[in-house]
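Accompanying notes for the structure given below.
Read-outs: derived from the displayed coordinates by stated rules, not from any lab. Every value quoted in this text rests on a predicted model; they were computed, and no experiment measured them. Cβ placement follows ideal geometry from the backbone for every residue including glycine, while neighbour counts extend to all protein chains displayed.
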Amino acid sequence: MRFFKAQNLYLQAVIKRTAALIVMVTITVSSMVTVAAATCNATVLYDGTTKHVQLFSTETGDILSAAGVKTDEDDIVLRSGSTDLNGTVTITVKSGYHVLLSTDKTEKTVLAHYGDTVADVLNRQGVTVGEKDIVTPSVDTAVTDGMKITVKRKYTVQIKADGAAVSKVVTEGTVAQALEQAGISVGSDDIVTPAKTESVREGMTLTVQRVTYKNVTTTEEIAYAKKTENDSSLYKGDTKIKIHGQNGSQSVVTRQKLVDGKVVSSETVSKTVVKAPVDQVTLVGTKARPKAYASISSNGSLKDRNGNTVSYRKKITGRCTAYTGGGYTATGRAAAVGLVAVNPNIIPYGSRLYICSPDGRVVYGYAIAADTGGAAMAGRIVADLYYNTNGECSSFGVRSMCIYVL
């Protein structure tokens, strides 16, 4: 009886321990099920790769850390899905790329991201690409970090050179570069319009004018000089040519500048005397002239200073002046003593004259009306008397004279 009682107590103890163990296992399993039910399932899409992670947090930073993804401020991080545990989260990461953009004479670093193409970068930067422009790399190329994108503009220009006009498509740059692309050589002296350093533009006209130089040799006359010598054998006021002047000659080399074959300027390079000129020497009298007087009668005749009787048909008294300087008279004769300037309406050209002062003490002598006097035409004088020298003109001055028309 005691045996059965002891055995019953043992069975009860076993049953109690078993029940406790069952309770403990139940609690443990229940706890494990609760933890499994509270896990976050996340998918990380990082620059085209996919990573799946499970963790007990829904924070974006925790999820990226669990996936081994590090980001910086230039990256794009996009999230979608639930914010609660037991939910599903998708996080997309696009790495930021620094791209060098070279266009329209400027270079700058711009931000792009994984998945962008060259076209995307250009569009975001507001760069318009013309149909003739060249983009390197091509617009459909995927962007990478550190990539350089270059846009070279192309323009249609008109080029005028060497007598022809052509239309050419050239890349952006200077006028000089455009001409080189078009195969137009430019000499150092050639004239380029616009300037070679100016930037080309659509529709621009480029002009090249060829500049050449040519030496031309000509022969020029060297005028002879005029000299005088005093001669005591000649009366004062008389002259005589001792040596007749002769013009010389010289060879002149001129450098001409031609633009497109037309002379625009020239400069003298050298002069070489071929024939020396011969100076003209004129003897000027210094001998005192004996005083002579004209004698006037009332019967229409007079005696010249040499005592010869001369008839006249008209007498004109008035103011006379004197002039010198050479040249030619209005009637085509070389100016000389004895040829006087008058008003041909009063004293016709070719009239033979005898001129002296009213008292006969100042004698100009025989003369011919051969020139026109401005003062005579204006009525201020009756005649302008030609002398060989300024000194003689000054001595004569302005005085009243009688002009006898013979």
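For segment 348-393 and segment 300-314, compute the distance between their C-alpha centroids and round to whole Å. Value for the Cα centre distance between the two parts: 17 Å.
Within segment 89-233, DSSP assigns beta bridges of which about 75% are antiparallel (rounded to the nearest 5). Here, P(r) means the percent of Cα pairs in each 5 Å bin from 0 to the largest distance; for segment 40-94 it is 5, 22, 37, 23, 10, 3, 0. If the segment from T144 to N86 were pulled out straight at 0.36 nm per residue, it would be longer than the present Cα-Cα gap by 17.2 nm.
For the chain, give the share of DSSP beta bridges that are antiparallel, in percent and rounded to the nearest 5; count only bridges with both residues there. Of the beta bridges lying entirely in the chain, close to 75 percent run antiparallel.
Where in segment 85-116 does the amide nitrogen come within less than 15 Å of the point 7 Å from the Cα of V77, taken along Cα to Cβ? Residues passing the 15 Å test: 90-96. Put a plus charge on the Cβ of each Lys and Arg, a minus charge on the Cβ of each Asp and Glu, and nothing anywhere else: the dipole of the chain about its Cα centre is then about 2600 debye.
Computed over the Cα atoms of the chain, the ratio of the radius of gyration to the Kirkwood radius (Rg/Rh) comes to 1.72. Our summary gives the chain a relative contact order of 9 percent, counting only alpha carbon pairs under 8 angstrom and 6 or more residues apart. Counted residue by residue at 0.36 nm each, then reduced by the alpha carbon distance between them, the extension gain from D133 to K226 reaches 25.8 nm. Loop-located trypsin sites (Lys or Arg not before Pro) across segment 202-293 with a Cβ neighbour count of 13 or fewer within 10 Å are K291, with loop assigned by DSSP. The calculated 222 nm mean residue ellipticity attributable to helices in the chain amounts to -5000 deg cm²/dmol, summing -39500 (n - 2.57) over DSSP H runs of n ≥ 4 and dividing by all residues.
With the convex hull of its Cα atoms as the shape, segment 96-152 has an orientation-averaged projected area of 3.3 nm².
Annotation: amide H of Y323 within the under-5 Å range of L385, Y386, Y387, sequence separation 5 or more or interchain, hydrogens built in the peptide plane.
Normalising the average separation of contacting C-alpha pairs (under 8 angstrom, six or more residues apart) by the number of residues puts the relative contact order of segment 154-209 at 46 percent. Which is the longest stretch in the chain that no exposed loop site breaks, taking sites as chymotrypsin sites (Phe, Trp or Tyr not before Pro) with a DSSP loop state and at most 16 other Cβ atoms within 10 Å? In the chain, the maximal stretch lacking such sites is 57-292. Does anything in segment 190-228 have its amide N under 11 Å from the 7 Å Cα→Cβ label point of N247, and if so which residues? In segment 190-228, the label zone of N247 (backbone N under 11 Å from the point 7 Å along Cα→Cβ) covers 220-224.
Please determine, in degrees from 0 to 90 and to the nearest 10, the orientation of helix 2-37 with respect to the longest principal axis defined by the Cα atoms of the chain, where the helix direction is its Cα long axis. Computed tilt is about 10 degrees.
Here segment 114-157 and segment 202-226 have alpha carbon centers that stand 51 Å from each other. Backbone amide hydrogens, once placed in the peptide plane, bring G237 within less than 5 Å of G285, excluding anything fewer than 5 places away on its chain. Please give the FRET efficiency for L406 paired with A276, using the beta carbon to beta carbon distance and R0 = 56 Å, rounded to the nearest 0.05. E between L406 and A276, to the nearest 0.05, is 0.75.
Of the residues T71, N86, L122, the one whose Cα sits farthest toward the positive end of the charge dipole of segment 71-134, with +1 on the Cβ of Lys and Arg and -1 on the Cβ of Asp and Glu, is L122.
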